[in-house]
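J.: Sharing a structure below in structure tokens format, with a few things to ask.
The values are calculated or read from the model by the stated rules, or taken from the named source; none is laboratory data. Predicted model, so just to flag it, every value in this text is computed and none were measured. We place every Cβ from the backbone using ideal geometry, glycine too, and count neighbours over all the protein chains shown.
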Amino acid sequence: MPSTRFVIRAYQRIPVRCNFYYMGEEFLGKGTVTNLSRIGFRALGDHLVMPGMELVARLSLPDRVGSVDVGLVLVRWVRGHWFGAKMIRLNPGAKERIGTFLDTCVRPSCLSP
């Protein structure tokens with residue numbers, strides 16, 4: 001029987017729907033982020049990635065204020081074109097922008113359809 005690992009997340013994941021671009025050494029992919037936290041995200045992309053890959057990403061948050069450049073993300077898991085990524089390197093402005101966006105989304109009005 002395979003072992004399962006119980007992980008307590010440090011930050012709440014917030015459901016979102018935003019476009020993003022991600023770049024590896026030899027490709028540029030486009031996709032949709034479906035949930036976001038202060039340290040990572042879940043995404044559906046058009047280019048296959050592998051666990052352990054390091055990528056650069058640019059998120060277009062739904063607040064339409066502008067895109068957010070993520071200096072470095074690490075692919076943690078992959079299921080087909082779905083993957084989870086941990087944000088490893090964020091400049092202070094990007095970190096603040098994501099935090100502010102997520103703080104506004106915690107209000108129930110942001111999560112309603």
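J.: Going by what's in this entry, would Lys95 be described as among the basic types (Lys, Arg) and more than 16 Å from Gly45 (Cβ to Cβ)?
T.: yes
J.: Still on this structure, please answer the following. Scan segment 39-53 and give yes if some residue there is more than 22 Å from Thr100 (Cβ to Cβ) and in a strand (DSSP E or B), otherwise no.
T.: The initial filter retains those residues of segment 39-53 that are more than 22 Å from Thr100 (Cβ to Cβ), namely 44-53.
With the extra rule that they be in a strand (DSSP E or B), the set shrinks to 44-45.
Checked against the condition, which is being more than 22 Å from Thr100 (Cβ to Cβ) and in a strand (DSSP E or B), segment 39-53 yields at least one hit.
J.: If you don't mind, there's one more thing I want to ask. Does Asn35 satisfy the criteria of being closer than 21 Å to Asp103 by Cβ and surrounded by fewer than 15 Cβ atoms within 10 Å (Cβ to Cβ)? Lay out the reasoning, then the answer.
T.: Working: closer than 21 Å to Asp103 by Cβ: yes; surrounded by fewer than 15 Cβ atoms within 10 Å (Cβ to Cβ): no.
The answer is no for Asn35.
J.: A follow-up question, please. With the requirement that a residue be aliphatic (A, V, I, L, M) and either modelled with pLDDT of 95 or more or part of a loop (DSSP other than H, G, I, E, B) (or both), what does segment 89-113 give you?
T.: Taking segment 89-113 first, the residues aliphatic (A, V, I, L, M) are 90, 94, 98, 102, 106, 111.
Across segment 89-113, the qualifying residues are Leu90, Val106.
J.: Turning to a different aspect of this structure: Assess whether Leu72 counts as being more than 18 Å from Thr100 (Cα to Cα) and either part of a strand (DSSP E or B) or without any contact (Cβ under 8 Å) to a residue 40 or more places away in the chain (or both).
T.: On the way: more than 18 Å from Thr100 (Cα to Cα): yes; either part of a strand (DSSP E or B) or without any contact (Cβ under 8 Å) to a residue 40 or more places away in the chain (or both): yes.
Judged against the criteria, Leu72 is a match.
J.: Considering Val78, Val65, Val7, which residue is crowded, with 16+ Cβ neighbours inside 10 Å and either at pLDDT below 95 or over 23 Å from Lys95 (Cβ atoms) (or both)? First the steps, then the outcome.
T.: Values: Val65 fails: crowded, with 16+ Cβ neighbours inside 10 Å; Val7 fails: crowded, with 16+ Cβ neighbours inside 10 Å.
Within the list Val78, Val65, Val7, the selection yields Val78.
J.: Which residues, taken from segment 48-72, are farther than 15 Å from Lys30 by Cα and aliphatic (A, V, I, L, M)? Let's see the steps before the verdict.
T.: Taking segment 48-72 as the starting set, the residues that turn out to be farther than 15 Å from Lys30 by Cα are 50-54, 62-66, 71-72.
Passing the criteria: Met50, Met53, Val65, Leu72.
J.: Let me ask you something else. Taking only pairs six or more apart or across chains, which ones have beta-carbon atoms under 9 Å, a first residue in segment 21-46 that is under 14 Å from Gly80 (Cβ atoms) and at pLDDT 95 or above, and a second residue that is hydroxyl-bearing (Ser, Thr, Tyr) and surrounded by 16 or more Cβ atoms within 10 Å (Cβ to Cβ)?
T.: Cβ pairs passing all conditions: Gly29/Tyr21; Gly29/Tyr22; Gly31/Tyr21; Gly31/Tyr22; Ala43/Tyr22; Gly45/Tyr22.
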